[in-house]
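Remarks on the structure that follows.
The values are calculated or read from the model by the stated rules, or taken from the named source; none is laboratory data. Since the structure is predicted, the reported quantities are computational estimates derived from the model, not experimental observations. Note: ideal-geometry Cβ built from the backbone for every residue, glycine included; neighbour counts use all protein chains shown.
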Amino acid sequence: MVISVARASAILRMLGNRENRLTDISKTLGLNMSTTHRLLKTLEKEGFVFQDPISRQYLLGHLVLRIASDPFVTHQGLAVSALEEMKRLRSLTGETVTINIRIGEQRLCVEEMVSFHSIKYTIGRGAVAEIYAGSAGKVLLAELPKIELERLLRNITLRKVAPHTITDKDVLLKELEKIRKQGYAKSIAEKLEGGIAISAPVRGYVCPVSLTILAPEFRFGHVILKYVPELKRSAAIISKRVKAFTEEVREHSKIEREKPRKEWS
């Protein structure tokens, strides 16, 4: 183990737990003040921490905040866990496959495997869309606890973005109940005219996730339901991988928190 790196990571964890004073950090880690100060100043120079000029406390810096706020960095584990099954579904159907998560009142595409066809339905990695429009968003809503769902629906207006977008909240709630029972969602021209999609929930992650197959209606409309079992199978496999990844991260974090401080002394 590289001791200086271990000490630096311990400092960052302490700052994340609101232990911000030089004296407290020094005491907790069992390091003398000068060593702790040198570590903090090095982290400050690299953008990992900064010192408040008034309180003199050390806080997490812009680099940590920028990394943490980037959804593609934050959800890398999800994307990696899903890639193999996304490739399988694309090979099986020839159509675009996406992974979406909920971001507030919207949905975000964190990964996409684009269709091989010259005429395709694609939204793009990083695309943000109305959470209520389309099968991907409806699955995300269906996965929310009742209280959270009610709060979200009170704060958004269901506007028509495509010919068949659901704009009545009662109709949407009935649709979400149906999705919960059958384990998947279907949409036709709810987000894009001429587009069709099916989605299934990926469970075991820190937020709701939907796995989606997107396609032009003229090519995929008559066969779409045929692929529902394969979509649900892939979603279940990704769920297991995501759960294993999440548990591994939690266990690692627990071990790091419980490490004897003498290892950094």
Any residue at all in the range 73-84 that is closer than 19 Å to Ala189 by Cα, assigned to a helix (DSSP H, G or I) and not assigned by TED's automatic domain parsing to the domain that holds Ile25? no
Among what's in the range 33-78 and is over 30 Å from Glu247 (Cβ atoms) and among the small types (Gly, Ala, Ser), pick the residue that is farthest from the chain's Cα centre (by Cα). Ser34
Out of the residues in the range 1-32 meeting the condition of being within 32 Å of the chain's Cα centre (by Cα) and assigned to a loop (DSSP other than H, G, I, E, B), tell me which one is farthest from Leu59 (Cα to Cα). Met1
So, in the range 35-56, exactly how many residues are part of a loop (DSSP other than H, G, I, E, B) and either crowded, with 16+ Cβ neighbours inside 10 Å or charged (D, E, K, R) (or both)? 4
Within the range 98-149, which residues are touching a residue at least 12 places away in the same chain (Cβ under 8 Å), of a type outside the set (D, E, K, R) and either part of a helix (DSSP H, G or I) or not assigned by TED's automatic domain parsing to the domain that holds Ile213 (or both)? Ser135, Ala136, Gly137, Val139, Leu140, Leu141, Ala142, Leu149
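Residue check: is Ile213 of a type in the set (Val, Ile, Thr) and in a helix (DSSP H, G or I)? Walk me through it before giving the result.
Numbers: of a type in the set (Val, Ile, Thr): yes; in a helix (DSSP H, G or I): no.
Criteria not met by Ile213.
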For the range 29-58, give me each residue that is modelled with pLDDT under 90 and of a type in the set (Val, Ile, Thr). Ile54
Return the pair list, or none, for Cβ contacts closer than 6 Å from residues in the range 31-48 that are over 17 Å from Ala6 (Cβ atoms) to residues that are of a type outside the set (A, V, I, L, M, F, W, C) and surrounded by 15 or more Cβ atoms within 10 Å (Cβ to Cβ), at least 6 apart or on different chains. Met33/Ser26; Gly47/Gly61
Looking for whichever is outside any helix (DSSP H, G or I) and either modelled with pLDDT under 90 or in the same structural domain as Lys120 (by TED's automatic domain parsing) (or both) here; the options are His252, His222. Which one fits? His222
Matching residues, the range 63-106, being modelled with pLDDT of 90 or more, touching a helix residue (DSSP H, G or I) at 6+ places or on another chain (Cβ under 9 Å), among the small types (Gly, Ala, Ser) and surrounded by fewer than 22 Cβ atoms within 10 Å (Cβ to Cβ): Ala79, Gly94
